[in-house]
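Accompanying notes for the structure given below.
The values are calculated or read from the model by the stated rules, or taken from the named source; none is laboratory data. Model, not experiment: these values are computed from the prediction. Here the Cβ positions follow ideal geometry from the backbone for every residue, glycine too, while neighbour counts run over all protein chains shown.
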Amino acid sequence: MQTLYKDLVKHFGGQKLTADALGVSQANISGYVSGRWNMSESVAIRAEKVTNGKFKAIDLCPLLKEFQALTA
């Protein structure tokens, strides 16, 4: 998961630019990258939208993966 967050940061060109694009603080991005916490559902969905699907919400947010498994 952390590698995916690092790839997302690389996509935007830095933590601050990623934070701005996703509407969160740079501290949130740092927390995702370091593994302190996972991305929320709403931020993951926003990330999928602003990257035009390059990064999938279901891959960025473990809770969405769990939800999909329950509804499959």
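Could you check, for segment 26-36, whether at least one of its residues is surrounded by fewer than 14 Cβ atoms within 10 Å (Cβ to Cβ), under 14 Å from residue 60 (Cα atoms) and in contact with a Gly (Cβ under 6 Å, 6 or more places away or on another chain)?
no
Could you check how many residues of segment 28-72 are in contact (Cβ under 8 Å) with a residue 40 or more places away in the chain and more than 14 Å from residue 8 (Cβ to Cβ)?
Let us first name the residues in segment 28-72 that are in contact (Cβ under 8 Å) with a residue 40 or more places away in the chain, namely 51, 54-55, 59-60, 62.
Cutting the leftovers down to more than 14 Å from residue 8 (Cβ to Cβ) gives us 62.
Of the residues in that region, 1 qualify.
Keeping to segment 54-72, report how many residues are assigned to a loop (DSSP other than H, G, I, E, B) and surrounded by 14 or more Cβ atoms within 10 Å (Cβ to Cβ).
So the first thing to find is which residues in segment 54-72 are assigned to a loop (DSSP other than H, G, I, E, B), and the list is 54-56, 61, 72.
Next, only the ones that are surrounded by 14 or more Cβ atoms within 10 Å (Cβ to Cβ) stay: 55-56, 61.
Matching residues across segment 54-72 total 3.
So which residues in segment 3-37 are under 14 Å from residue 55 (Cβ atoms) and either modelled with pLDDT under 95 or of a type in the set (Val, Ile, Thr) (or both)? Even if it seems obvious, please write down each step before you answer.
Taking segment 3-37 as the starting set, the residues that turn out to be under 14 Å from residue 55 (Cβ atoms) are 3-12, 18, 21-22, 29, 32-33.
Result: 3, 9, 18, 29, 33.
Among the residues of segment 1-25, what is the count of those that are β-branched (Val, Ile, Thr) and either exposed (fewer than 13 other Cβ atoms within 10 Å of the Cβ) or on the phi > 0 side of the Ramachandran plot (or both)?
Here is the first cut: in segment 1-25, the residues β-branched (Val, Ile, Thr) are 3, 9, 18, 24.
Of the ones still in play, those that are also either exposed (fewer than 13 other Cβ atoms within 10 Å of the Cβ) or on the phi > 0 side of the Ramachandran plot (or both) are 3.
Adding up the residues that qualify gives 1.
Just checking, how many residues over segment 37-47 are buried (at least 18 other Cβ atoms within 10 Å of the Cβ) and of a type in the set (D, E, K, R)?
1
Inspect segment 36-59 for any residue being touching a His at 6+ places or on another chain (Cβ under 9 Å) and of a type in the set (D, E, K, R) and give the result as yes or no.
Yes, segment 36-59 has at least one match.
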